[in-house]
Each structure stands twice: as structure tokens, then as C-alpha cells.
Amino acid sequence: MAGCRIAAGLLAGVTLAMLNLTAAAQQRPSPPPPPPAIDCASPKHPAERAICTTAKLDKWEKERHEALKRIWDRARTNRQRALMRRQHTEWEMKRNRCGLDRSCLSRIYTEKLNELQVRR
């Protein structure tokens with residue numbers, strides 16, 4: 001009888017610990033969203049300067065940002081958002097390698113906008 005009570009107590013303790021871990025995992029703060037569209041008042045990279053001075057690229061940057069925000073808002077888990085954040089950082093590095101090369105930037109943006117269109 002005492003053994004049953006001890007086992008029941010241990011089971012209750014383990015269950016409570018699991019519930020606490022689950023609650024803690026759900027309360028983790030969400031990863032920060034990808035940064036806003038480029039601030040053309042103070043571009044940080046040559047690629048950003050090229051984007052800000054080219055109407056088509058500037059328009060595509062705003063479209064990319066809006067599409068990314070919509071997808072971000074639909075992401076249900078922190079894991080999905082962390083993956084999106086990582087993918088955005090990788091894409092941004094790729095974009096910045098284009099420097100002032102507008103044809104490279106056009107290609108990068110076309111690919112990204114097509115990818116985001118598929119994910120809608």
C-alpha cells in the first residue's frame with residue numbers, strides 16, 4: 001500500500017515537472033522578426049545604396065519585406081520563425097555580395113520574390 005502511494009506520488013511529481021517544462025517552452029520569447037526594409041536615409045552596404053538609387057530594386061525590396069511579414073505573421077512556432085530568421089540572414093549576405101552590381105541584385109530579388117510567392 002505504501003509502495004503504491006510512493007509510486008503515485010512520483011508519477012504526480014513527474015507529470016507536474018513535464019507540465020512545467022511544456023509551459024516554459026511555450027513561454028519562450030519569439031525570435032525577432034527579420035529587420036524592416038532598407039532605410040535609404042542611411043544604407044549600410046553598397047548593395048543597399050544600389051537598391052535605394054534604383055526604382056525597380058527599391059520597389060522589389062518593399063515587396064519582399066511585405067511578403068516576408070505576411071509569412072512571418074502566419075508562422076506558428078518559434079522554430080519556424082527561427083528558421084525564417086536564419087534564411088533571411090543568409091539571403092541578406094548573398095544579396096550584399098552583389099555590391100553595386102544591379103544585374104546581380106535583380107537576379108537575387110527575382111529569385112527571392114518567386115520563392116516568397118510560392119510560400120504565400
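Answer with yes or no whether residue 102 is among the charged types (D, E, K, R) and at pLDDT 90 or above.
On the way: among the charged types (D, E, K, R): yes; at pLDDT 90 or above: yes.
The answer is yes for residue 102.
Name every residue in segment 55-83 that is surrounded by fewer than 16 Cβ atoms within 10 Å (Cβ to Cβ) and part of a loop (DSSP other than H, G, I, E, B), in order of residue number. Correct list: 76, 77. Just for segment 93-120: of the residues that are exposed (fewer than 14 other Cβ atoms within 10 Å of the Cβ) and within 15 Å of the chain's Cα centre (by Cα), which one is nearest to residue 45 (Cα to Cα)? Residue satisfying both the conditions and the ranking: 93.
The values are calculated or read from the model by the stated rules, or taken from the named source; none is laboratory data. Fair warning: this is a prediction, and the values are worked out from it, not measured in the lab. For neighbour counting, all protein chains shown are included, and Cβ atoms are generated from backbone atoms with ideal geometry for every residue, glycine included.
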